[in-house]
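One structure is given here, and the rest of the page talks about it.
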Amino acid sequence: MFEKILLGFISGIVQGVTEWLPVSSKTMLFFIFHMQDLSPTDSYMLSLLLNGSTVLAASIYFRRELYRMLKSIWSRDSIDFRLLVFLIISTFITGLLGIFFSKSLIILLSELSSRDVMIFVGAMLSVTAFLNWWRRKIRSSEKRISDIDTLDALLIGVAQSFSVIPGVSRSGVTVLALVLRGYNVKDSLVISFLMSIPATLGGSIYSYIMSPKSFEVLELGGVLLSVAVATIISLTMIPLLLKLSYKVRSDIFLAGLSFITIISGLLLG
């Protein structure tokens, strides 16, 4: 029981810190669970399940925005209503494509050896490192949250769906897609963080439905502790990262982590 509580505590810290950085929090969780001798498939499903442990923190931090969006349902003529429509459409697209990608990944992970899984995840981390590097090279634009539209919802929803792949950062791909669409970095972060609420919650529900046994690895106590720790840390991380406006050099960190992961995989062979 103590080991499960400790694992829940550690996973809460990791999720609370890395969810708001473009480094793929579910991949960090995947590494933790895989080191506990869980199969690649179980590690993936459990990381997807706990990826939603920061939903409470995001909901608390953005409670005013969420309240205004819900209130806008009756007026239907405001920035908040357009943002609500954006979240509904983008989440639907993400869920539709994400389920397809996830099912394909479950089959792939079940057939790959631990060596091949590590090399695969390392390769995906290198892709995320490149995307983060690319984002830094793009000049800041002036589009704001008030400019959000249906086309943005479709495109960003597609981009977010790729984040079900281990090694691919949800915040990394969504912020890059938003910046490419002309949004400034700070507003891109806010939109991405708001998108995390329905997306990661949906991922957790999907993971539990598909693999309820993954919940048993931590049991209820470990899961609740993970959520509590992730919530407390996240409430510090969100304003901090918004203040930094994406100046963290995550591309360098990810490039190094990708190299280590691939080398570790090769050594397993």
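The values are calculated or read from the model by the stated rules, or taken from the named source; none is laboratory data. What you see is a predicted model; the values in this text were computed from it and never measured. Cβ atoms come from the backbone with ideal geometry, glycine included; neighbour counts cover every protein chain shown.
Cβ-Cβ below 7 Å, separation at least six or inter-chain, first residue in the range 182-198 and in contact (Cβ under 8 Å) with a residue 24 or more places away in the chain, second assigned to a strand (DSSP E or B) and of a type in the set (D, E, K, R): which pairs? Note: pairs meeting the criteria are GLY182/LYS143; TYR183/LYS143; ASN184/LYS143. Among the conditions (1) modelled with pLDDT of 90 or more; (2) over 18 Å from the mean Cα position of the chain (by Cα), GLU216 misses just one, which is (1).
For the range 32-42, the tally of residues that are in contact (Cβ under 8 Å) with a residue 60 or more places away in the chain and either crowded, with 24+ Cβ neighbours inside 10 Å or hydrophobic (A, V, I, L, M, F, W, C) (or both) stands at 3. Within the range 143-183, track down each residue that is at pLDDT below 90 and under 17 Å from ILE79 (Cα atoms). LYS143, ARG144, ILE145, SER146, ASP147, listed by residue number. Among the residues making up the range 178-205, those that are of a type in the set (A, V, I, L, M) and within 21 Å of LEU48 (Cβ to Cβ) are LEU194, MET195, ILE197, ALA199, LEU201, ILE205.
When we screen LEU244, LEU266, LEU220, LEU224 for residues that are out of contact with any Pro (no Cβ under 6 Å at 6 or more places or on another chain), over 19 Å from TRP133 (Cα atoms) and free of Cβ contacts under 8 Å to residues at least 24 places away in the same chain, the only hit is LEU220. Can you spot a residue in the range 107-124 that is farther than 27 Å from ASP42 by Cβ and not charged (D, E, K, R)? No, the range 107-124 contains no residue that is farther than 27 Å from ASP42 by Cβ and not charged (D, E, K, R). Collect the residues in the range 129-176 that are under 11 Å from SER90 (Cβ atoms), hydrophobic (A, V, I, L, M, F, W, C), in contact (Cβ under 8 Å) with a residue 60 or more places away in the chain and assigned to a helix (DSSP H, G or I), keeping them in residue-number order. ALA153, LEU154, ILE156, VAL158, listed by residue number. Of the residues making up the range 189-208, just one is farther than 20 Å from SER11 by Cβ and at pLDDT below 90, namely LEU189.
The range 1-112 holds helices (runs of 4 or more DSSP H) entirely within its bounds, and those carrying 1 or more residues that are within 16 Å of VAL168 (Cβ to Cβ) map to 2-18, 25-34, 40-50, 79-111. Taking the range 44-102 as the range and being polar (S, T, N, Q), more than 16 Å from SER196 (Cα to Cα) and touching an Asp or Glu at 6+ places or on another chain (Cβ under 8 Å) as the test, only SER72 passes. Please tell me if GLY203 is surrounded by 16 or more Cβ atoms within 10 Å (Cβ to Cβ) and more than 18 Å from VAL175 (Cα to Cα). Yes; evaluated as a whole, the condition is true for this residue.
Before we move on, is ILE119 surrounded by 14 or more Cβ atoms within 10 Å (Cβ to Cβ), farther than 22 Å from LEU201 by Cα and of a type outside the set (S, T, N, Q)? Against the criterion (surrounded by 14 or more Cβ atoms within 10 Å (Cβ to Cβ), farther than 22 Å from LEU201 by Cα and of a type outside the set (S, T, N, Q)), ILE119 qualifies. Of the residues screened, ILE145 is one that is in contact with a helix residue (DSSP H, G or I) (Cβ under 6 Å, 6 or more places away or on another chain), surrounded by fewer than 22 Cβ atoms within 10 Å (Cβ to Cβ) and farther than 23 Å from PHE31 by Cβ.
Here's the yes/no breakdown for (1) touching a Gly at 6+ places or on another chain (Cβ under 7 Å); (2) surrounded by 21 or more Cβ atoms within 10 Å (Cβ to Cβ); (3) farther than 19 Å from ILE32 by Cβ; (4) free of Cβ contacts under 8 Å to residues at least 24 places away in the same chain:
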residue	(1), (2), (3), (4)
TYR44	no, yes, no, no
SER53	yes, yes, no, no
PHE62	no, no, yes, no
SER72	no, no, yes, yes
LEU84	no, yes, yes, yes
LEU96	no, no, yes, no
SER126	no, no, yes, no
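Of the residues LEU242, LEU225, LEU176, LEU218, the single one that is over 29 Å from LYS143 (Cβ atoms) and in contact with a Lys or Arg (Cβ under 7 Å, 6 or more places away or on another chain) is LEU218.
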